[in-house]
Amino acid sequence: MARKFRITVDGRTFDVTVEEVGGAGEAPLPAPAIPSLPPAPYRSEGAAGKGAAPSEKRSPEGATGGGGEEVVRAPLPGLVLEIKVQVGQQVRAGDVLCLLEAMKMENEVPSPVDGEVKAIHQKKGQAVMGGDPLVTVVPA
């Protein structure tokens, strides 16, 4: 017997059909072992709203209180596909700073605030880990 479900992932809705495997006289399949994952160390926040890249008010060296700078960090491990901004460029909250490829998907990394790009910490083609600094923005 097939069952239909509607699943929403990151605001996108998908209709899926799931079919039960095994009949009345068959033993059920064992559930696969799923390793527990550690809690995510970063959370989405900022003026860009839902889906915004994690950011922290830090200087590029990682010290806190660096004049109110926003260090936008990689939300997950991946490859920098493109840097969309330049040092000195004015950006608005939600403007795409760079594209990050992760799990065969392109992810836009938005600016959390209006301001000026102070530093770009990665380059095109560079592999990054979740939490690595990408771009520093000084709020306007």
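The values are calculated or read from the model by the stated rules, or taken from the named source; none is laboratory data. Remember, it's a predicted structure, so these values are computed and weren't measured experimentally. Cβ placement follows ideal geometry from the backbone for every residue including glycine, while neighbour counts extend to all protein chains displayed.
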Scan of the stretch 101-114 for residues that are more than 11 Å from the chain's Cα centre (by Cα), surrounded by fewer than 20 Cβ atoms within 10 Å (Cβ to Cβ) and of a type outside the set (A, V, I, L, M), ordered by number: Lys104, Asp114
Lone qualifier among Gly67, Gly25, Gly11 - being surrounded by fewer than 10 Cβ atoms within 10 Å (Cβ to Cβ), at pLDDT below 90 and within 19 Å of Ala140 (Cβ to Cβ): Gly67
Of all residues in the stretch 100-122 being of a type in the set (Gly, Ala, Ser) and in contact with a Gly (Cβ under 8 Å, 6 or more places away or on another chain), the one that is modelled with the lowest pLDDT: Ala102
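Return the only residue of Gly130, Gly68 being under 21 Å from Asp10 (Cα atoms) and of a type outside the set (A, V, I, L, M, F, W, C).
Values: Gly68 fails: under 21 Å from Asp10 (Cα atoms).
Result of the check over Gly130, Gly68: Gly130.
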Residues within the stretch 112-131 that are in a strand (DSSP E or B) and closer than 17 Å to Val96 by Cα, tallied: 6
